[in-house]
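All remarks here apply to the structure that follows.
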Amino acid sequence: MKRLPAQASGSPAHQRSGQILYVSAAAVLLACSEKAIRAKVARQLLPHRRLGGRVIFLRNELETFLSELPGTSVAEAQANLALRSGEEGPR
């Protein structure tokens with residue numbers, strides 16, 4: 001017997017506006033595979049929720065998670081690129 005996909009009970013407005021993400025959309029947002037997303041969920045490394053047995057993510061929680069990661073921000077990376085754009089290469 002073929003299983004039907006689980007239906008999320010989140011409001012349709014939230015789903016249409018992209019505020020609720022499923023594993024596939026979270027993988028696109030985080031630029032990694034669905035398998036990597038599921039592994040991070042299993043290790044409690046990503047903010048997520050379970051709804052009817054399905055893993056869901058809130059876009060704003062993932063964006064906050066990304067902004068709090070250590071490392072160079074987008075603005076810092078662009079500034080570094082601008083500084084190096086005039087250089088000829090390694091010396």
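Each reported figure results from applying straightforward, stated rules to the coordinates on display, with no laboratory input. Predicted, not measured: the structure shown is a model, and the values here were computed from it. Here Cβ is always computed from backbone atoms with ideal geometry, including for glycine, and neighbour counts include all displayed protein chains.
Cut-off is 10 Å between beta-carbons; in what order do Phe65, Phe57 appear when sorted fewest neighbours first?
Phe65, Phe57
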**Asked** Each residue of the range 60-70 in order: what ³J(HN,Hα) in whole Hz does its phi give by Karplus 6.51 cos²θ - 1.76 cosθ + 1.60, θ = phi - 60°, with x for Gly and Pro?
**Response** 5, 5, 5, 5, 5, 4, 5, 5, 8, 5, x
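With a sphere of radius 13 Å drawn around the Cβ of Ala26, what net charge do the other residues whose Cβ falls strictly inside it have (Lys, Arg +1; Asp, Glu -1)? If you can, show how the numbers build up before the last one.
Details: positive: Lys35, Arg38, Lys40, Arg49, Arg54, Arg59; negative: Glu34, Glu61, Glu63.
That works out to +3.
For the range 50-81, which GluC sites (Glu not before Pro) are both in a DSSP coil and crowded by at most 16 other Cβ atoms within 10 Å? It would help to have the intermediate numbers written out before the result.
Values: sites: Glu61, Glu63, Glu68, Glu76; in loops: Glu68.
Counting only loop positions with at most 16 other Cβ atoms within 10 Å, the GluC sites (Glu not before Pro) in the range 50-81 are Glu68.
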**Request:** Please give the net charge around Phe57, taking every other residue with its beta carbon less than 13 angstrom from that of Phe57, where Lys and Arg add +1 and Asp and Glu add -1.
**Result:** +3
**Prompt:** Under the classification rounded if a/c is under 1.5, otherwise prolate if a/b is larger than b/c and oblate if not, where does the range 12-84 fall, given a ≥ b ≥ c as square roots of the Cα gyration tensor eigenvalues?
**Reply:** prolate
**Request:** Pull out the extension gain between Glu61 and Lys40, defined as 0.36 nm times the separation in residues minus the alpha carbon to alpha carbon distance; nm, one decimal.
**Result:** 6.1 nm
**Prompt:** If you keep only loop residues by DSSP, which trypsin sites (Lys or Arg not before Pro) in the range 23-56 have at most 12 other Cβ atoms within 10 Å of their Cβ?
**Reply:** Arg43
**Asked** Summing Lys, Arg as +1 and Asp, Glu as -1, what charge do residues with Cβ under 15 Å from the Cβ of Gln44 carry, Gln44 excluded?
**Response** +4
